[in-house]
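The values are calculated or read from the model by the stated rules, or taken from the named source; none is laboratory data. Given the structure is predicted, the values throughout are model-derived calculations rather than measurements. Cβ placement follows ideal geometry from the backbone for every residue including glycine, while neighbour counts extend to all protein chains displayed.
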Amino acid sequence: MDPLCTASSGPRKKRPRQVGASMASPPHDIKFQNLVLFILEKKMGTTRRNFLMELARRKGFRVENELSDSVTHIVAENNSGSEVLEWLQVQNIRASSQLELLDVSWLIESMGAGKPVEITGKHQLVDAFEILAENSEFKENEVSYVTFMRAASVLKSLPFTIISMRDTEGIPCLGDKVKCIIEEIIEDGESSEVKAVLNDERYQSFKLFTSVFGVGLKTSEKWFRMGFRSLNKIMSDKTLKFTKMQKAGFLYYEDLVSCVTRAEAEAVGVLVKEAVWAFLPDAFVTMTGGFRRGKKIGHDVDFLITSPGSAEDEEQLLPKVINFWEKKGLLLYYDLVESTFEKFKLPSRQVDTLDHFQKCFLILKLHHQRVDSGKSNQQEGKTWKAIRVDLVMCPYENHAFALLGWTGSRQFERDIRRYATHERKMMLDNHALYDKTKRMFLKAESEEEIFAHLGLDYIEPWERNA
Ligand code: CTP
Ligand code: MN
Ligand code: MN
């Protein structure tokens with residue numbers, strides 16, 4: 001094995017953090033009292049962080065070693081806004097709207113100027129293409145949605161940061177429109193189009209409305225046209241009718257918008273296994289979705305359940321599980337969707353269609369394991385959190401396909417299906433793989449076998465994020 005290779009790509013060991021005495025430096029006068037900075041170590045490294053902290057302090061900035069409530073500005077390098085938000089979520093810190101998330105360029109300019117410079121678009125950490133994709137989604141422009149999502153995921157997967165147009169040469173999925181935007185960001189530090197979207201009333205309202213569980217584009221459109229701009233006004237309006245799903249969405253809004261952490265996902269996993277195994281002890285329960293791909297946070301927790309046993313037991317399981325949680329007082333909301341699965345149906349031609357398995361969309365009450373110290377964001381006295389959970393029950397024969405389908409990401413699913421259709425003359429969906437040349441279904445016991453049928457090397461779940 002190449003030693004250079006292992007040195008750079010192996011998992012990084014955690015180094016003990018350097019604190020206090022060994023780094024002692026003379027105290028500096030704080031010139032800017034209403035600014036409290038915190039410099040993020042992630043992707044910047046300890047050495048550079050220490051250097052920047054020391055320099056900023058010498059220039060009269062107040063820089064904290066640890067992230068506390070008093071921090072007003074978070075400075076990061078090579079992180080996007082959503083990466084910093086994700087990091088904050090994992091630390092169990094809710095970003096308030098007053099907290100500025102800034103690129104290191106702001107700190108460097110400020111130190112150069114000897115005072116904090118005005119914050120402009122180019123200092124703020126934003127995900128340009130994700131915002132444009134989201135805006136296209138709100139406008140139901142599928143083509144431009146796909147264009148921007150691809151650009152976003154390609155740029156994310158690059159091992160380097162683009163600093164000039166030369167860097168974009170040879171990168172796939174970057175059309176003229178996308179390149180134009182990249183060029184503008186390189187030159188001006190911001191994109192006028194992204195800025196316009198962020199300030200657009202319709203975009204802002206749709207983002208707010210769709211953040212409620214059960215509210216999609218149609219409802220958002222309706223509320224927007226009726227002149228609503230805030231959730232409070234909507235909730236207290238006596239003339240509006242809400243679905244059962246939306247009522248739950250409003251009721252548990254705070255919990256549901258604060259993302260699920262891995263620890264919470266694992267705790268839900270324990271609940272799911274306990275309930276499933278009470279009725280079907282030989283069932284397999286697998287956590288799928290973003291958490292299986294190694295994500296640290298998610299908007300819900302997804303599980304695939306399958307059992308080699310009888311079809312009748314299979315059908316009865318989810319209703320029994322729901323009943324079990326109801327009795328324990330853990331069931332806050334559920335929607336059970338019955339199976340429409342047919343065994344010899346050809347896989348769908350469309351890359352985006354939903355599957356036919358029996359499934360249940362739930363909101364569960366997760367009791368806190370232990371009382372968090374300090375930076376907890378729990379409401380006073382509340383000892384639980386509402387968590388979105390998806391359960392899918394599939395016939396044992398189809399479990400490998402269901403697992404591949406429910407692991408995602410959505411973009412990965414689209415890409416692998418497109419590959420099967422165009423490169424292999426096969427049809428793949430969450431249920432099966434059909435070879436059109438041989439006119440037969442190809443069976444698989446595991447994801448590895450599906451990749452082999454497709455003539456692809458196995459792709460690990462954590463490599464399926466783009
Ligand atoms: N999926 C599906 N059919 C559905 C819903 C989801 O096949 N009706 C698949 C999608 O491929 C998706 C995966 O299940 O990638 C998980 O869906 P979801 O929970 O929406 O997304 P995650 O990737 O888990 O991301 P998040 O953290 O936001 O939950
Ligand atoms: Mn999920
Ligand atoms: Mn889900």
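With a requirement of 2 or more residues that are in contact with a strand residue (DSSP E or B) (Cβ under 7 Å, 6 or more places away or on another chain) and closer than 28 Å to residue 264 by Cα, the helices (runs of 4 or more DSSP H) lying completely within region 31-130 that satisfy it span 81-90. State which residue pairs qualify: first residue over 24 Å from residue 252 (Cβ atoms) and within 16 Å of ligand 3 (Cβ to nearest atom) and inside region 388-415, second residue assigned to a loop (DSSP other than H, G, I, E, B) and among the aromatic types (Phe, Trp, Tyr) in any location, beta carbons under 7 Å apart, and separation of 6 or more residues or different chains. Qualifying pairs under 7 Å: 393/357; 394/357; 402/357.
Among the numbered conditions (1) free of Cβ contacts under 8 Å to residues at least 60 places away in the same chain; (2) surrounded by fewer than 20 Cβ atoms within 10 Å (Cβ to Cβ); (3) away from ligand 1 (no atom under 15 Å from the Cβ), the only one that residue 269 does not meet is (3).
Give me the residue from region 79-127 that is among the small types (Gly, Ala, Ser) and free of Cβ contacts under 8 Å to residues at least 24 places away in the same chain and, out of that set, surrounded by the fewest Cβ atoms within 10 Å (Cβ to Cβ). The extreme case among them is 97. Criterion applied to 51, 61 was being surrounded by 14 or more Cβ atoms within 10 Å (Cβ to Cβ), hydrophobic (A, V, I, L, M, F, W, C) and over 31 Å from the mean Cα position of the chain (by Cα), and the one residue passing it is 61.
Scanning region 64-105 for residues that are more than 18 Å from the chain's Cα centre (by Cα) and among the hydrophobic types (A, V, I, L, M, F, W, C) yields a total of 9.
Criterion first (free of Cβ contacts under 8 Å to residues at least 12 places away in the same chain, surrounded by 14 or more Cβ atoms within 10 Å (Cβ to Cβ) and either in contact with a Leu (Cβ under 6 Å, 6 or more places away or on another chain) or not basic (Lys, Arg) (or both)) does residue 135 satisfy it? Spelling it out, it is not the case that residue 135 is free of Cβ contacts under 8 Å to residues at least 12 places away in the same chain, surrounded by 14 or more Cβ atoms within 10 Å (Cβ to Cβ) and either in contact with a Leu (Cβ under 6 Å, 6 or more places away or on another chain) or not basic (Lys, Arg) (or both). Residue check: residue 407 meets all listed conditions (1) touching a strand residue (DSSP E or B) at 6+ places or on another chain (Cβ under 9 Å); (2) surrounded by fewer than 19 Cβ atoms within 10 Å (Cβ to Cβ) but one, namely (2).
Please indicate, with yes or no, whether at least one residue in region 259-276 is in a strand (DSSP E or B), hydroxyl-bearing (Ser, Thr, Tyr) and at pLDDT 95 or above. Scanning region 259-276, I find no residue that is in a strand (DSSP E or B), hydroxyl-bearing (Ser, Thr, Tyr) and at pLDDT 95 or above, so the answer is no. Among the residues of region 289-303, those that are on the phi < 0 side of the Ramachandran plot and within 11 Å of ligand 3 (Cβ to nearest atom) comprise 290, 291, 298, 299, 300, 301, 302, 303. Tell me, yes or no, whether region 309-320 has at least one residue that is within 16 Å of ligand 1 (Cβ to nearest atom), closer than 26 Å to residue 447 by Cβ and not polar (S, T, N, Q). Within region 309-320, one or more residues are within 16 Å of ligand 1 (Cβ to nearest atom), closer than 26 Å to residue 447 by Cβ and not polar (S, T, N, Q). So is residue 250 within 16 Å of ligand 2 (Cβ to nearest atom) and free of Cβ contacts under 8 Å to residues at least 60 places away in the same chain or not? So residue 250 does not fit the description; no.
Restricting attention to region 211-234, the residues being under 21 Å from residue 386 (Cα atoms), without any contact (Cβ under 8 Å) to a residue 40 or more places away in the chain and surrounded by 15 or more Cβ atoms within 10 Å (Cβ to Cβ) number 3.
Scanning region 292-308 finds no residues that are part of a helix (DSSP H, G or I), within 16 Å of ligand 1 (Cβ to nearest atom) and either touching a Cys at 6+ places or on another chain (Cβ under 6 Å) or hydroxyl-bearing (Ser, Thr, Tyr) (or both). Within region 322-353, being aliphatic (A, V, I, L, M) and within 27 Å of the chain's Cα centre (by Cα) holds for 322, 330, 331, 332, 336, 337, 351. Would you confirm, using the coordinates I've provided, whether residue 202 is out of contact with any strand residue (DSSP E or B) (no Cβ under 9 Å at 6 or more places or on another chain), closer than 21 Å to residue 221 by Cβ, in contact (Cβ under 8 Å) with a residue 60 or more places away in the chain and surrounded by 14 or more Cβ atoms within 10 Å (Cβ to Cβ)? Considered against the rule, which asks whether it is out of contact with any strand residue (DSSP E or B) (no Cβ under 9 Å at 6 or more places or on another chain), closer than 21 Å to residue 221 by Cβ, in contact (Cβ under 8 Å) with a residue 60 or more places away in the chain and surrounded by 14 or more Cβ atoms within 10 Å (Cβ to Cβ), residue 202 comes out as yes. Search region 288-311 for residues that are more than 7 Å from ligand 2 (Cβ to nearest atom) and pair each with any residue that is in a loop (DSSP other than H, G, I, E, B) and β-branched (Val, Ile, Thr) when their beta-carbon atoms are under 7 Å apart and the residues are at least 6 apart or on different chains. From residues that are more than 7 Å from ligand 2 (Cβ to nearest atom), the pairs are 303/288; 304/288. Of all residue pairs spaced 6 or more apart or on separate chains, those with beta-carbon atoms under 7 Å, a first member in region 336-349 that is touching a residue at least 12 places away in the same chain (Cβ under 8 Å) and more than 30 Å from residue 326 (Cβ to Cβ) and a second member that is hydroxyl-bearing (Ser, Thr, Tyr) and surrounded by 12 or more Cβ atoms within 10 Å (Cβ to Cβ) are 346/434; 347/434.
Going through (1) within 16 Å of ligand 2 (Cβ to nearest atom); (2) modelled with pLDDT under 95; (3) charged (D, E, K, R) one by one, residue 359 falls short only on (2). Residues that are at pLDDT 95 or above and in contact with a helix residue (DSSP H, G or I) (Cβ under 6 Å, 6 or more places away or on another chain) do not occur anywhere in region 87-100.
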